[in-house]
Amino acid sequence: MTFIVDLKNVNASQAEIVGGKNASTGEMIQHLTQKGISVPTGFATTITAFKHFLSQNQLDKQINHLLASRNASDLKSLNKTSQQIQQWIKKAPFLPAFEKEVSAAYAKLKNNSVAVRSSATMEDSVTDSFAGAQDTYLNIKGVNNLLRAIKLVYASLFTSRAIAYRHDRQLDFSKIGISVGIQPMVRSDIGVSGVLFTLDPESGFDKVIVISASYGLGEAIVQGQVNPDEFILYKPNLIQKKPAILQRKLGDKQIKSVYTSSKDAKKSIKTVPVKKADRQRFCLNDDDLQTLATHALVIEKHYGKPMDIEWAKDGITGKIYIVQARPETVKSQIKKEQVLERYSMNKKGKVLVEGQSIGQRIGSGMARVISDPKNMEAVKPGDVLVTDMTDPDWEPIMKRASAIVTNRGGRTCHAAIIARELGIPAIVGCHDATAKIKPNSPITVSCAEGQTGYVYDGVLPFEIKKISVKELPTLPVDICVNLGNPERAFDTQFLPNQGVGLARLEFIISDMIGIHPKACLNFSKLPKNLQAKISLKTAAYKNPVEYYIERLKEGISMIAAAFYPKDVIFRFSDFKSNEYANLLGGHLFENVEENPMIGFRGASRYKDPSFAPCFNLECEAIKRVRNQMGLTNTQVMIPFVRTVNELTDVIKMLKTQGLERGKNGLKIYMMCEVPSNVLLAKQFLPHVDGYSIGSNDLTQLTLGLDRDSHLVTHLFDERNDAIKFLLHSVIADCKKLGKYVGICGQGPSDHVDFAEWLMAEGIQSMSLNPDSIIETWLNLAKKSKKKKGRKA
């Protein structure tokens, strides 16, 4: 009987021989190493060897009897059963023939340190990930320690979490076996390692590759011990060999897993602090990202499905290895839904902590702050689990929770993976959730507000809208979307739309940058304390100016890539002076205005010599997105233009900065929001490609209302006859001149009758808030009598 097999001699069709994980590794060694992908070689024990081990020690019948007599949903009984079976396995001897084969194969590796990984027959299948259900042991040295580690992997097939997982999926134990893969260790203990997905694991958007990375061995990321760096790359650009990095997000990377000298398999690695300088820089360079992402494309193409991949970069050679590849089992299994669910908070309260959101749902309940899975009885169905981090031992508890909150972890950690499988919201990487959330207090966990998740004090009201997108009727008007948060771009693009009618740069600046542009441009002249704060935010970049441009570029490219090839109209920043003052360093550069709503903003600000260098930073970011990344669906819009001379001056500035109307398909639009824009439309319009009506400011300036004043809010109504008179006039002028005319103000999102009136007037497009698109679309269809129109 053969107890082991060389990994290079197995492939994906042999999961029944060596389990899903080892079969996949063999598949890559056989077919992908010749395509430039490095995969550690090695050997695997067979499923037959495991079955023989059980039968020779008469454990198979004992285990079957014990499992049949226990209730897997009873946690106490489950734990007792698990402990008993594991003890039986640990005490049972291997056959001498098995030990001899393992010893010989280990000697052939000529590598003292090996990784010992589980590979069950149904593990890493298309539908079941068994994420962390069985154990892995790293840095195992010597044949005796290797044999002990193999036995521990065998025993891990019967942990509480593994038994419960199989029970939940109604998998028959008698049909399950386990193989153990043994491979030389990649020296990522002094290098970098991580996980990548060939789709966005939150939204399911399949045109990106999401990479998580941190220093040291990959266990720290998988187990959620560290908040890693995260990178998002755009697949079409990778294929076309264009710059593909859409976003870089710096993690704190406070610890890393490294080797120890211990011979105990459970103590063969340890965590140590990461140096401050290393924490403040990205752990992968652009060449590494390009290599990883290119490997991911090859692997995904070979398997023909979205993949979840573990990788490691050797700290000695700098070589990148793929150590595991398995099908992604959550988002890729969801069929194209005809009904979308959208969660939204009806009321917000005090924010207790925030972190990385997993999913887009909301959950609430009593906070159970638990430090040890042994205290699982404290968590009742519907409670919110709050803990430092989770590993597979926590899974029986996680199944009871309505939401999960952890101090540590990133989007690829154990807590994130299991939360997605369970379909519950989770917020990971909160740093101090266990300290700031009071035990046994009511809380609400919101993952419906972008990549940042919030834990609110108290059980707050929220709603779930089910939106049908099946066979939406055609309309005589384009329905676009308003969007300012790049974190919602991948999710929002699934809504029916004809592009983005308004993407606000000021939202990207405030959320992703947070620094006044003049503070970046004049960094050396700032007070020392302010320099220190800005240095902390910008340390991973060449300098503060490059940080500002690159972060703005990332926000723009995320939205443009999500909706490509549909046009996305980016409005240059329209901060008022009081809003600019709230940015880091802003108080040093902004004047106090009595009414900033009608003050130093828009085109007047751009052409002012004191602000022009700041405007140039925005132009540079746009130019990099269009020219370097090739996302030419990125179009621009100039806000709050008071006079024709202002408009022509800004257009000249844009041309000087390399953004020339008509060149490489660039369209320049103008916000129509000052009454002069309507009255002098025939003088403004020849200089631009069209108007986008800003009904908020147009209403404010026509009716003489300050939008910021609560004393006159009851008078604010875009449906006022005076506003309609102006809109009728400007829509007619645009149509006569053959210019685009749309509306991106709040009005049609809030008032269906106003949207109906605009459609009747012949407006070309309406850009709506995401949560109102479907409802408005359906209501407009009822009013439209035209047979031909725009399709969803």
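The values are calculated or read from the model by the stated rules, or taken from the named source; none is laboratory data. Bear in mind that the values here come from a model prediction, so they are computed numbers and not experimental data. Positions of Cβ are backbone-derived with ideal geometry, glycine not excepted, and every protein chain shown enters the neighbour counts. Quick note on the areas: whole protein, heavy atoms, side chains included, nothing else; ligands and nucleic acids left out. Shrake-Rupley method; radii C 1.70, N 1.55, O 1.52, S 1.80 Å.
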**Q.** Search result, residues across the stretch 566-586 that are open to solvent by 70 Å² or more (accessible area, probe 1.4 Å) and either at pLDDT 95 or above or among the hydrophobic types (A, V, I, L, M, F, W, C) (or both)
**A.** LYS566
Q: For the stretch 580-599, state whether one or more residues are under 21 Å from GLY450 (Cα atoms) and among the aromatic types (Phe, Trp, Tyr).
A: no
Q | All positions within the stretch 283-312 that are surrounded by fewer than 19 Cβ atoms within 10 Å (Cβ to Cβ) and assigned to a loop (DSSP other than H, G, I, E, B) | A | ASN285, GLY304, LYS305
(Q) Return the pair list, or none, for Cβ contacts closer than 7 Å from residues in the stretch 142-168 that are within 21 Å of MET185 (Cβ to Cβ) to residues that are assigned to a helix (DSSP H, G or I) and of a type in the set (D, E, K, R), at least 6 apart or on different chains. (A) LEU147/GLU99; LYS151/LYS90
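Can LEU680 be described as more than 34 Å from the chain's Cα centre (by Cα), closer than 28 Å to GLN746 by Cβ, touching a residue at least 12 places away in the same chain (Cβ under 8 Å) and surrounded by 16 or more Cβ atoms within 10 Å (Cβ to Cβ)?
On the way: more than 34 Å from the chain's Cα centre (by Cα): yes; closer than 28 Å to GLN746 by Cβ: yes; touching a residue at least 12 places away in the same chain (Cβ under 8 Å): yes; surrounded by 16 or more Cβ atoms within 10 Å (Cβ to Cβ): no.
For LEU680, the condition - more than 34 Å from the chain's Cα centre (by Cα), closer than 28 Å to GLN746 by Cβ, touching a residue at least 12 places away in the same chain (Cβ under 8 Å) and surrounded by 16 or more Cβ atoms within 10 Å (Cβ to Cβ) - is not met.
Scanning the stretch 147-164 for residues that are among the hydroxyl-bearing types (Ser, Thr, Tyr) and in a helix (DSSP H, G or I), which turns out most open to solvent (accessible area, probe 1.4 Å)?
Looking only at the stretch 147-164, we keep the residues that are among the hydroxyl-bearing types (Ser, Thr, Tyr), and these are 154, 156, 159-160.
When the remaining residues are screened for being in a helix (DSSP H, G or I), the result is 154, 156, 160.
Numbers: TYR154: 1, SER156: 1, SER160: 19 Å².
Among residues in the stretch 147-164 that are among the hydroxyl-bearing types (Ser, Thr, Tyr) and in a helix (DSSP H, G or I), the one most open to solvent (accessible area, probe 1.4 Å) is SER160.
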Q) Under 7 Å by Cβ, and 6 or more places apart or on different chains, what pairs join a residue from the stretch 522-550 that is without any contact (Cβ under 8 Å) to a residue 24 or more places away in the chain and under 22 Å from SER573 (Cβ atoms) with one that is in a helix (DSSP H, G or I) and open to solvent by less than 50 Å² (accessible area, probe 1.4 Å)? A) PHE523/GLN531; PHE523/ILE534; PHE523/PRO544; THR538/PRO544; THR538/TYR547; TYR541/TYR547; TYR541/GLU550
Q) How many residues are out of contact with any Lys or Arg (no Cβ under 7 Å at 6 or more places or on another chain), of a type in the set (Asp, Glu) and farther than 22 Å from GLU590 by Cα if we restrict to the stretch 600-656? A) 1
**Q.** Check on LEU705, free of Cβ contacts under 8 Å to residues at least 24 places away in the same chain and either among the hydrophobic types (A, V, I, L, M, F, W, C) or crowded, with 21+ Cβ neighbours inside 10 Å (or both)
**A.** yes
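Can you confirm whether THR434 is at pLDDT 95 or above, farther than 26 Å from CYS619 by Cα and out of contact with any Lys or Arg (no Cβ under 6 Å at 6 or more places or on another chain)? Quick ask: steps written out before the conclusion?
Numbers: at pLDDT 95 or above: yes; farther than 26 Å from CYS619 by Cα: yes; out of contact with any Lys or Arg (no Cβ under 6 Å at 6 or more places or on another chain): yes.
Spelling it out, THR434 is indeed at pLDDT 95 or above, farther than 26 Å from CYS619 by Cα and out of contact with any Lys or Arg (no Cβ under 6 Å at 6 or more places or on another chain).
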(Q) Name the residue that is nearest to the chain's Cα centre (by Cα), counting only residues in the stretch 621-646 that are over 16 Å from ALA503 (Cβ atoms) and crowded, with 24+ Cβ neighbours inside 10 Å. (A) PHE640
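Quick test for you: out of LEU250, LEU246, pick the one residue that is buried (at least 17 other Cβ atoms within 10 Å of the Cβ) and out of contact with any Pro (no Cβ under 9 Å at 6 or more places or on another chain).
Details: LEU246 fails: out of contact with any Pro (no Cβ under 9 Å at 6 or more places or on another chain).
Checking each option against the conditions leaves just LEU250.
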Q) If you go through the stretch 190-239 one residue at a time, how many are open to solvent by less than 10 Å² (accessible area, probe 1.4 Å), touching a residue at least 60 places away in the same chain (Cβ under 8 Å), part of a helix (DSSP H, G or I) and not polar (S, T, N, Q)? A) 1
Q: Go through the stretch 485-505 and give me each residue that's buried (at least 20 other Cβ atoms within 10 Å of the Cβ) and outside any helix (DSSP H, G or I).
A: ASN485, GLN493, ASN497, GLN498, GLY499, VAL500, GLY501, LEU502, ALA503, ARG504
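Here is a yes/no grid of residues against (1) free of Cβ contacts under 8 Å to residues at least 60 places away in the same chain; (2) part of a loop (DSSP other than H, G, I, E, B); (3) open to solvent by less than 10 Å² (accessible area, probe 1.4 Å):
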| site | (1), (2), (3) |
| --- | --- |
| THR2 | no, yes, no |
| VAL5 | yes, no, no |
| ALA15 | no, no, no |
| GLY19 | no, no, yes |
| ASN22 | no, no, yes |
| GLY26 | yes, no, yes |
| ILE29 | yes, no, no |
| ALA44 | no, no, yes |
